[in-house]
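Trainee: Structure provided below as structure tokens; questions to follow.
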Amino acid sequence: MFRFLVFITLIYVLYKAIKSVRQIKPAEDENYKSKSSSVVGEDLVEDPVCHTFVPVSQSFKREISGRNYYFCSKQCSDKYELEKYK
Ligand SMILES: [Zn+2]
């Protein structure tokens, strides 16, 4: 009888272990997918004022004397122009 109980416990523990492994794997895959999809296809540009890297779609674009500059915000672009034409 004791042996039978040990056997049942072992099966139960094994079943739990397999179940927990199966639950973790898809979650990791999803994390990986969402992470890579948000990074791929998005170029980062450096703000010349505060040196923050911002995605092009979220950057504040400004053309200054024929060149395109990307800033993290309007404040940074204003600051850049102020310093340039001081
Ligand atoms: Zn900035």
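The values are calculated or read from the model by the stated rules, or taken from the named source; none is laboratory data. Computed from a predicted structure; not experimentally measured. Counting neighbours? That spans all protein chains shown, and the Cβs are built from the backbone with ideal geometry, glycine included.
Trainee: Cβ-Cβ below 7 Å, separation at least six or inter-chain, first residue in region 72-86 and in the same structural domain as residue 52 (by TED's automatic domain parsing), second within 13 Å of the ligand (Cβ to nearest atom) and assigned to a helix (DSSP H, G or I): which pairs?
Mentor: Going by the 7 Å Cβ cut-off, there are no qualifying pairs.
Trainee: Give just the number: which of (1) modelled with pLDDT of 85 or more; (2) assigned to a helix (DSSP H, G or I) does residue 28 not satisfy?
Mentor: Just one mismatch for residue 28, condition (1).
Trainee: Of all residues in region 46-86 being away from the ligand (no atom under 11 Å from the Cβ) and aliphatic (A, V, I, L, M), which is modelled with the highest pLDDT?
Mentor: Of everything passing the filter in region 46-86, 56 is modelled with the highest pLDDT.
Trainee: Which of the residues spanning region 57-71 are surrounded by 16 or more Cβ atoms within 10 Å (Cβ to Cβ) and of a type in the set (S, T, N, Q)?
Mentor: 59
Trainee: Determine whether residue 39 is surrounded by 10 or more Cβ atoms within 10 Å (Cβ to Cβ) and at pLDDT 90 or above.
Mentor: no
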